[in-house]
Amino acid sequence: MDLTPYVDNLRQELAVAADAGGDEARALAERLTAPLESATRLTLLNALSAAMGEVTRELAPGSVDVRLRGLDPEFVVTPPPAPEPFQETQAPTTALAAPAPPPPPADADDGTMARINFRLPAHLKARAEDAAAAESLSVNAWLVRAVSTALDGGERASTPGRGKDSGSRGFTGWVR
């Protein structure tokens, strides 16, 4: 996107406004237009970035990024992934077809990962980051554990050697 026409339009509007003030105002406006060009471009870029942030929030999991190429912004649109079409499978017609393997149990960890986009209000994100830091976990690991705990009915799986209690376990009593 070429910002030059917008900057030139602002320069012309400033010149028209300065004409109303006389020769001294016109001279001042001419001296100010060059230094104001970079500030104008920066302000326009900030407005475009904020607008694309709003578009991205509405487009999630897709996004729109603003990249600077030279003096002009460039928009990079990442559309959300298209849903895979539903295809009904037909039953095998021969008796020799192998049966489909059973799905793994829900609590089995087969090592595969799935990615999701997760939007949180800012105040909850900050609380999640604080809680993860307090337990020496990444936010991702903390969220995985929180989801697992919620789905397992409140049973909390502890991670040995991690967390705020690690190293602070002690014993009380008498030793002979």
**Message:** With the requirement that a residue be under 15 Å from Pro73 (Cα atoms) and either open to solvent by less than 80 Å² (accessible area, probe 1.4 Å) or outside any helix (DSSP H, G or I) (or both), what does the range 40-61 give you?
**Reply:** Thr40, Arg41, Leu44, Leu45, Ala47, Leu48, Ser49, Ala50, Ala51, Met52, Gly53
**Message:** I need the full set of residues from the range 14-39 which are of a type outside the set (A, V, I, L, M) and surrounded by 11 or more Cβ atoms within 10 Å (Cβ to Cβ), in order please.
**Reply:** Asp19, Gly21, Arg26, Glu30, Thr33, Glu37, Ser38
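The values are calculated or read from the model by the stated rules, or taken from the named source; none is laboratory data. None of the values given here were measured: they were computed from a predicted structure. Note that each Cβ is placed from the backbone with ideal geometry, even for glycine, and that neighbours are counted across all protein chains shown. When the accessible area is computed, the model is the full protein with side chains, heavy atoms only, and any ligands, DNA or RNA have been set aside. Shrake-Rupley method; radii C 1.70, N 1.55, O 1.52, S 1.80 Å.
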